């Protein structure tokens, strides 16, 4: 589809949007929508998939716009899945409820509408004017201000030509009723035996008695927010990781739990109330211990162990563990593909691993690449094991050598349910890892609905080291997202598993007799292949600064583009990092297919010369474009960051 997305272009130069086609609609009360019935509205198409943390960020960015422009704007989510599990219509419906998506969504499992609109990355945003013509094309997150300005201009256009039609969006939402748990995420045991579960879908923490069934307390109002206070006034937003601090640390800092308050981009400290003999129950208190409440974006300060932790922006902290080797908490900072640490005693925040580039790169922690780390635990020998969900990988950080290695996993687009040796084993978007007493690693293999075990086979006095192996011990679970080791039952080890999609906590035996070797096949994410010619390929990142902004090189280059391929040997020239938005890439003709990876950053700043300290904003997006080399194919590839 050819588009001219510049809203300043003559109206008749804008291309009309393609039909919205898919398997069905959600949040419409069963009605099908089309662009003709939406004529007169500003339509924003959000191409997303529910595994993608950047897409979840965009959902939050759109909420204020949907409220502000409720009479003029219709947001439509185009759900174009990455993983096989995300093609399940029931899973999609559940995750629309989980993330409180409050606009119509078209189910696009075959990427039909995705292809028609030329989307190449999650998330991608397309804005249509009141005549159904494409007026804006944006990739990535952080575009709320740009979208607001564009919508304002398009509303003015529609008013001027009489085409604007005001009125509420055609959204029909099901009523939500409180329940014991709704999409719980993580859990931790308290020293007194009680169990704390993060009830992400109801923005609460639920404290269970030692039996794991009777509710002792609910912490939080159950409404999305960020308020500190007692258990009846405090508020969270999609809390995930919960960590019971070592008792001596808890006594020193005055709170028992550290909570990854995910959608608030905060760490919260919670002193959990408890009953006392012949005395009144102690009070629960929630305080903010780290995070400003803003989402960390490129260009923001990076914590280096100094300053007030509450002055730094975080980005979607998802899980927590305590490192005895570091004597501090380690945070799986999913939103920026890093691991951070937090010292509750000193309040110090520090980046431990990751560059913020998304991918799977091992080696020194400072140059490692991660992809939405969402589960973390400490192994008996002090190493950290991480569920790197978007690469469907299980990875290890050795804190003595400060090196990262991958036990199982291949990359951003490889997944499946395959047991066996590490070189063939596959997971599908795991969210949790648990160190077992026998040294093995239990994996909550979320999108496969399974609990899997990884055995590392280290060297011993009697045998050399061997590759890790994987087996399955439980299947048919609904989105298991975390587990802890429970007490044995009849001599058989038990895992206490958060079964998020079933809204419950489940006991799963870990018995040798239950181990199975399953091979349902390795898979790759299915996206439309882009054909390119065998000659030099011009890769262009399209970026136009928002109105009132300009590229500003006064403090150094304002743009950066990183280019690579899978397989890595496919690129002969033009790879690596450069500041130019256009790159000439030479591909090895020995490879007929592969994936071209492009990561772009561009900083735009206030162009008003009267402003002494202009505000700047960093725009960023990563693309993974499947390519096929064919004779006579195009020799140019355009990727729109902001156009």
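The values are calculated or read from the model by the stated rules, or taken from the named source; none is laboratory data. What you see is a predicted model, and the numbers here were worked out from it, not measured in a lab. Using ideal geometry, Cβ is built from the backbone for each residue, glycine included, and neighbour counts are taken over all protein chains shown.
Within the stretch 482-505, the set of residues being in a strand (DSSP E or B) and more than 25 Å from the chain's Cα centre (by Cα) comprises 485, 486, 487, 488, 489, 492, 493, 494, 495.
Of the residues making up the stretch 425-438, one or more are in contact (Cβ under 8 Å) with a residue 60 or more places away in the chain, surrounded by 14 or more Cβ atoms within 10 Å (Cβ to Cβ), more than 27 Å from residue 242 (Cα to Cα) and in contact with a strand residue (DSSP E or B) (Cβ under 9 Å, 6 or more places away or on another chain). Inspect all residues belonging to the stretch 172-180 and state whether any of them is outside the structural domain of residue 484 (by TED's automatic domain parsing) and buried (at least 18 other Cβ atoms within 10 Å of the Cβ). No, the stretch 172-180 has no match at all. Residues that are surrounded by 19 or more Cβ atoms within 10 Å (Cβ to Cβ) and part of a strand (DSSP E or B) do occur in the stretch 181-194. When we screen 391, 406 for residues that are surrounded by fewer than 24 Cβ atoms within 10 Å (Cβ to Cβ) and either outside the structural domain of residue 443 (by TED's automatic domain parsing) or at pLDDT 95 or above (or both), the only hit is 406.
Here 147, 65, 73, 164 are screened, and the one residue that is touching a helix residue (DSSP H, G or I) at 6+ places or on another chain (Cβ under 7 Å), surrounded by fewer than 20 Cβ atoms within 10 Å (Cβ to Cβ) and closer than 27 Å to residue 223 by Cβ is 65. In summary, strands (runs of 3 or more DSSP E) completely within the stretch 410-469 and bearing 2 or more residues that are over 25 Å from residue 322 (Cβ atoms) occur at 414-418. Do the conditions hold for residue 558, that is, is it touching a residue at least 24 places away in the same chain (Cβ under 8 Å) and in contact with a helix residue (DSSP H, G or I) (Cβ under 9 Å, 6 or more places away or on another chain)? No; evaluated as a whole, the condition is false for this residue.
Candidates in the stretch 8-28 are the residues that are in a loop (DSSP other than H, G, I, E, B) and at pLDDT 95 or above; of these, the one that is farthest from residue 74 (Cα to Cα) is 23. For the stretch 203-230, filtered to residues that are within 13 Å of residue 193 (Cα to Cα) and crowded, with 17+ Cβ neighbours inside 10 Å, the residue that is modelled with the lowest pLDDT is 212. Among the residues of the stretch 204-224, some residue qualifies, meaning at least one is part of a strand (DSSP E or B), under 22 Å from the mean Cα position of the chain (by Cα) and in contact (Cβ under 8 Å) with a residue 12 or more places away in the chain. Of the strands (runs of 3 or more DSSP E) contained entirely in the stretch 79-159, those carrying at least 2 residues that are modelled with pLDDT under 95 fall at 134-139.
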